[in-house]
Amino acid sequence: MSMLTTGTTLLLIGFICASCTVSEEEAREKFDALVAESNACNDVSECVYASAGCPLGCVVAVNSAKQTEVEEEARALIEDYERGGRSCAYDCAVPGPLECIGGRCQEGASP
């Protein structure tokens, strides 16, 4: 393999790997959009907390029918984020009660 071919191959591999990663901002934007599409409700009984993780937040309020999808996408986005050599961690507080307000699941005020 010539030096040019080796260099081109390494450059291509680097580009492909870089395109597999997302920044914190990109991960949050994608996740926020998914949550916005997944938190519709008519009653609080439809709402659950879905686990996320750093850098996406600890938990998000979503419709129970969307919980698995949201958690799987959170894991995928976090893996993509960490693939770029980044990581983060934070402590999570116990979330407040769930509420369905304006047709959207959300965290209510803590007592």
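The values are calculated or read from the model by the stated rules, or taken from the named source; none is laboratory data. This structure is a prediction, so every number in the text was calculated from the model and none was measured. Methodologically, a virtual Cβ is constructed for each residue, glycine included, from the backbone with ideal geometry; neighbour enumeration extends over all protein chains shown.
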- [ ] Give CYS92, CYS105 a once-over and let me know the one that is of a type outside the set (D, E, K, R), touching a Leu at 6+ places or on another chain (Cβ under 7 Å) and either modelled with pLDDT under 95 or not in a loop (DSSP other than H, G, I, E, B) (or both).
- [x] CYS105
Open item on the list: When you scan the range 41-60, do you find a residue that is touching a strand residue (DSSP E or B) at 6+ places or on another chain (Cβ under 7 Å), among the aromatic types (Phe, Trp, Tyr) and either part of a loop (DSSP other than H, G, I, E, B) or at pLDDT 95 or above (or both), even just one?
Closed with: yes
- [ ] Assess whether ALA33 counts as being modelled with pLDDT of 95 or more, in a helix (DSSP H, G or I) and farther than 20 Å from CYS88 by Cβ.
- [x] yes
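Listed here are the residues, each with its yes/no results for (1) within 17 Å of ASP32 (Cβ to Cβ); (2) of a type outside the set (S, T, N, Q); (3) buried (at least 16 other Cβ atoms within 10 Å of the Cβ); (4) in contact with a Gly (Cβ under 6 Å, 6 or more places away or on another chain).
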position: SER45; (1), (2), (3), (4): no, no, no, no
position: ALA65; (1), (2), (3), (4): no, yes, no, no
position: ALA76; (1), (2), (3), (4): yes, yes, no, no
position: ASP80; (1), (2), (3), (4): yes, yes, yes, no
position: CYS92; (1), (2), (3), (4): no, yes, no, no
position: ILE101; (1), (2), (3), (4): no, yes, no, no
position: ARG104; (1), (2), (3), (4): yes, yes, yes, no
position: GLU107; (1), (2), (3), (4): yes, yes, no, yes
